[in-house]
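One structure below.
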Amino acid sequence: MSIGNSNSPEEERPSTDDRSEDRLVERSVEEPSIGTALKKARIAAGLTVDEVSSSTRVRIPIVHAIEEDDFTRCGGDVYARGHIRTLARAVHLDPAPLVESYDAAHGGRPAPTPAAPMFDAERIRPERQRPNWTAAMVAAIVAVIGFVGFTAFGGGDEKEKRPVAEGSASPKPAPKQTGGKPAAQPSQVPPAAKPEPSDSAIAAAPKDLVTVVLTADTGESWISAKDSTGRLLFDGTLVQGESKTFTDKESVDLVLGDAGVVKLFVNGKEIKDDFQPGQVERLTYTKEDPSRDQPQAG
């Protein structure tokens, strides 16, 4: 029996732990990275980077960076996971293993915040007491009944005991009727009507100026007025009842859009021309007698 070699065949075989470590090393060597897997799947699907970018709305530089395993341009872990899922679906890959690989390489997802403290705080918070509306209504009814009783039984005494204020005048009796007609009360006397200004007062004008007074009597009309130098004095619409006065040292030129509704005074005299409704008139007036001024053609 040979005792020179103490190593048995079982001792020469590699252990189970060693074999599992070798398999992990081989798998890590054989398993492609996230970017390589996405790039190979894209090429296998016959897609270009531009086509993937158009279908996923992920910008072309970010697609190139992810295929090179550069996730710094994604803007954070949350966006990186979202881009990985989107690109994986576009090239017909399962996104779950790729996201797991990303989490393993970048420290995993952040742990969720426990919700127990929030619930504990709400348990500690005292409940709000609801207002006792029944008691409030009873108190209000009692107060109303007491006020009514006090007014009914004590109000008359208070009125009898209340002194008359000094200096207060007693009401005067109504005047007796001396004739058949009742005496007119002050409030029944109608107010005196204010006298309306006469046409001569409205059309009064200085003798050294040309004075034209226009009134939109029965409707509204567009009016244009210029002085002797051609300066525009007015250009607009007179509503019914509105008046305008124009003066100049030499002459006043008028354009009446609806001469039939206009009442016209020149140098204190009313112009009685028979203008028809809707008639356009061009008129010029000077310091002379307006009856001698001839209107221009309309």
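Those residues that are more than 16 Å from V52 (Cβ to Cβ) and surrounded by 12 or more Cβ atoms within 10 Å (Cβ to Cβ), I need them from the range 81-99; list them, please.
Selection gives R81, P97, V99.
For the range 211-238, which positions are at pLDDT below 90, touching a Lys or Arg at 6+ places or on another chain (Cβ under 6 Å) and open to solvent by less than 50 Å² (accessible area, probe 1.4 Å)?
L214, the sole residue that qualifies.
Residue check, I271 against (1) more than 14 Å from L209 (Cα to Cα); (2) at pLDDT below 90; (3) open to solvent by 70 Å² or more (accessible area, probe 1.4 Å), all met but one. Which one?
Checking I271 against (1) more than 14 Å from L209 (Cα to Cα); (2) at pLDDT below 90; (3) open to solvent by 70 Å² or more (accessible area, probe 1.4 Å), the one that fails is (3).
With the requirement that a residue be assigned to a strand (DSSP E or B), of a type in the set (A, V, I, L, M, F, W, C) and modelled with pLDDT of 90 or more, what does the range 239-264 give you?
Passing the criteria: F246, V252, L254, V255.
Which residues, counting only those in the range 32-50, are within 53 Å of the chain's Cα centre (by Cα), open to solvent by 60 Å² or more (accessible area, probe 1.4 Å) and among the charged types (D, E, K, R)?
K39, D50
Here is a check on your reading of the model: is D103 of a type in the set (D, E, K, R), at pLDDT 90 or above and open to solvent by less than 60 Å² (accessible area, probe 1.4 Å)?
Yes: the conditions hold for D103.
The values are calculated or read from the model by the stated rules, or taken from the named source; none is laboratory data. Since this is a predicted model, take the numbers as computed values, not measurements. Glycine gets a Cβ as well: all are built from the backbone with ideal geometry, and neighbour counts include every protein chain shown. The area values use the complete protein model at the heavy-atom level, side chains included, leaving out ligands, DNA and RNA. Shrake-Rupley method; radii C 1.70, N 1.55, O 1.52, S 1.80 Å.
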